[in-house]
1. When the range 256-304 is examined, which residues are found to be modelled with pLDDT under 55, assigned to a loop (DSSP other than H, G, I, E, B) and of a type in the set (S, T, N, Q)?
2. Can you tell me which condition Ser480 does not meet? The list is (1) in a helix (DSSP H, G or I); (2) in contact (Cβ under 8 Å) with a residue 60 or more places away in the chain; (3) small (Gly, Ala, Ser), and all the others hold.
3. Could you check, for the range 36-44, whether at least one of its residues is within 23 Å of Leu207 (Cα to Cα) and either at pLDDT below 90 or assigned by TED's automatic domain parsing to the domain that holds Arg221 (or both)?
4. Output the residue which, of all residues in the range 488-497 that are within 22 Å of Tyr476 (Cα to Cα) and part of a helix (DSSP H, G or I), is farthest from the chain's Cα centre (by Cα).
5. Scan (1) more than 22 Å from the chain's Cα centre (by Cα); (2) within 30 Å of Gly19 (Cβ to Cβ); (3) of a type outside the set (Val, Ile, Thr) for the single condition Trp286 breaks and write down its number.
6. Out of the range 445-495, which residues are under 16 Å from Pro333 (Cα atoms) and charged (D, E, K, R)?
7. Mind checking which residues of the range 27-48 are surrounded by fewer than 15 Cβ atoms within 10 Å (Cβ to Cβ) and either under 24 Å from the mean Cα position of the chain (by Cα) or closer than 27 Å to Glu211 by Cβ (or both)?
8. Output the residues belonging to the range 208-257 that are without any contact (Cβ under 8 Å) to a residue 60 or more places away in the chain and farther than 12 Å from Ala375 by Cβ.
Amino acid sequence: MGRHLSARLKRAEESLALGAIGGILVLAALLPFVFLVVNLLRAPAEMSAGLALLGSREPWFVFLRSVASALVVAIASVLVGVPLGLLLGSTDVRGGKAALILHAFPMFLPPFLLALGWFYLFGRSGLLGGSGQASDALFSLGGSVAVEALAFTPVVTSLVALALQGVDPSLVEAARVAARPGRVATRILLPFAWPAAALGALVVFALSLSELGVPMFLRVRSYTAAVFARLGAVQYAPGEALVLTLPVLIVSVALLFLERRLVGPRSFSILGLRSAETTVLPLGKWRPLGTIIAWAGALATLVPFVGLAWRASTGFAALPDWIGTGPQNSIVPAAIAATLLTGIAVVVGRAIALRRPGAKALDALTVLAFVTPAAVLGVGLIAVWNRPATQPIYGTLAIIVIGFVARYGVLPTRTFALAVARASPHFEESAAVEGAWFLRRLVRIVVPLHARAILAAWLLAFVFCLRDLETTILFYPAGSAPLTVRIITLEANGPEPVVAALGLVHALIVAAALVLGAVAFRPRKAS
């Protein structure tokens with residue numbers, strides 16, 4: 001009897017582990033959406049007031065303009081990011097790898113820091129301000145779209161460059177025999193990269209629709225700011241905020257549908273499955289021009305740091321009086337959340353790669369939580385955790401950790417799934433044949449075999465948690481503001497040099513994390 005029970009447990013162990021981890025994801029990411037609906041149904045008066053608000057013209061005007069702005073940002077990011085990804089990822093431009101790294105760095109920073117940099121360059125009192133026309137252009141809808149497009153273009157560039165790593169070099173070599181580089185790029189490389197470009201467009205659209213800091217700083221009305229204003233400002237009306245989240249929730253479901261149709265089934269083939277040899281398309285006589293264009297595009301995203309550095313020159317001395325516990329409140333929850341997310345990714349990512357039952361649903365849940373604007377997720381998290389019984393969680397940094405786990409689960413999960421998908425399953429299968437239990441196989445085989453992928457998953461989750469503003473600003477505990485929240489709060493009435501210095505401190509923290517990750521990834525020399 002005992003032996004029979006043990007055999008049944010061994011067969012069910014993987015399913016039980018996936019179910020337990022899936023339960024954590026449901027608790028963190030799905031429960032907020034459920035509570036949104038439940039709270040609306042339980043408060044008919046607030047729902048009626050919110051629906052009356054949605055029945056007016058003004059909210060829909062702001063909503064449609066926000067959606068249109070996000071669409072323009074996504075299109076601009078694709079128009080710039082695809083050719084730049086092609087140049088930096090598959091041609092022989094000089095210093096392409098270094099240019100790609102520099103270009104990608106702003107992707108890991110909150111976009112409002114870049115908006116600050118542009119303001120310190122082109123504001124009325126900025127380094128290049130002058131007449132004020134540049135400042136007027138910056139503080140407009142067009143300025144907001146331009147800042148976001150420059151901030152998010154590296155997402156598309158990086159995904160396209162990564163996808164082109166998987167092109168079979170023999171196809172390029174064969175095409176070069178009969179065609180010029182331009183024709184090879186348009187007929188071979190670009191068709192191969194379009195799913196990555198589509199994924200990049202979806203990610204950029206979702207990030208732009210969620211963006212709160214840039215529109216707030218540039219005084220541009222946005223739908224996310226309208227929701228935030230009813231939760232964190234003088235016009236406190238949580239019922240209205242709940243109803244206002246419904247249109248963006250519908251957009252989120254549409255994004256999930258598009259991701260499933262356009263990218264989901266092919267994510268393993270377009271990202272991470274690299275060819276044994278790198279595809280290099282020689283540009284010939286066009287190499288100098290290609291190098292200039294590639295480096296110009298790469299460095300354009302770094303221009304705001306000139307403004308930040310110029311304004312911060314006198315602000316570092318006063319940092320101890322203003323910085324508070326901001327760095328600690330950013331690093332600690334980000335590290336804890338990244339660790340939890342990586343543990344989740346090991347189980348769920350493996351299951352996704354091996355197409356285990358239930359894994360596809362969990363993958364869809366993580367995608368939905370990521371593409372859903374942070375205001376919607378934040379309102380749901382407040383509805384779940386802001387109650388007397390859960391104050392030990394809601395009133396501490398633990399609520400920030402939960403918010404990060406809810407929103408960023410897809411990043412480490414997909415990263416680890418890609419690593420498992422391109423590795424041989426024979427090691428684990430052999431251990432299973434010998435009778436090794438699932439958890440033992442996971443600890444002794446899967447984790448050591450994919451240690452570098454686990455580190456990459458942790459680092460990606462960590463830096464995205466560090467850059468977060470839109471999620472945490474809605475429910476961070478009193479006196480425990482993360483550095484991103486502290487910077488945007490001080491922006492309104494703090495000394496500009498100090499605000500700029502704080503922005504550079506945040507950038508240096510992210511840069512340090514990325515450098516340490518790069519050192520850890522560096523191949524060891526054989527002894």
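The values are calculated or read from the model by the stated rules, or taken from the named source; none is laboratory data. What you see is a predicted model; the values in this text were computed from it and never measured. Here Cβ is always computed from backbone atoms with ideal geometry, including for glycine, and neighbour counts include all displayed protein chains.
1. The one that is modelled with pLDDT under 55, assigned to a loop (DSSP other than H, G, I, E, B) and of a type in the set (S, T, N, Q): Ser275.
2. Going through (1) in a helix (DSSP H, G or I); (2) in contact (Cβ under 8 Å) with a residue 60 or more places away in the chain; (3) small (Gly, Ala, Ser) one by one, Ser480 breaks only (1).
3. Residues of the range 36-44 that are within 23 Å of Leu207 (Cα to Cα), as a first pass: 36.
Cutting the leftovers down to either at pLDDT below 90 or assigned by TED's automatic domain parsing to the domain that holds Arg221 (or both) gives us 36.
Yes: the range 36-44 contains one or more residues that are within 23 Å of Leu207 (Cα to Cα) and either at pLDDT below 90 or assigned by TED's automatic domain parsing to the domain that holds Arg221 (or both).
4. To start, the set of residues in the range 488-497 that are within 22 Å of Tyr476 (Cα to Cα) comprises 488-494.
Subset that is part of a helix (DSSP H, G or I): 488-493.
Details: Ile488: 19, Thr489: 22, Leu490: 25, Glu491: 24, Ala492: 26, Asn493: 29 Å.
Applying the filter and picking the extreme gives Asn493.
5. (2)
6. Arg467, Asp468, Glu470, Arg486
7. Looking only at the range 27-48, we keep the residues that are surrounded by fewer than 15 Cβ atoms within 10 Å (Cβ to Cβ), and these are 27, 34, 37-38, 41-42, 44-45, 48.
Leu27, Val34, Val37 - these are the residues of the range 27-48 that are surrounded by fewer than 15 Cβ atoms within 10 Å (Cβ to Cβ) and either under 24 Å from the mean Cα position of the chain (by Cα) or closer than 27 Å to Glu211 by Cβ (or both).
8. Of the residues in the range 208-257, the ones without any contact (Cβ under 8 Å) to a residue 60 or more places away in the chain are 225, 229-230, 233-236, 250, 254, 257.
Scanning the range 208-257 gives Ala233, Val234, Gln235, Tyr236, Ile250, Ala254, Phe257.
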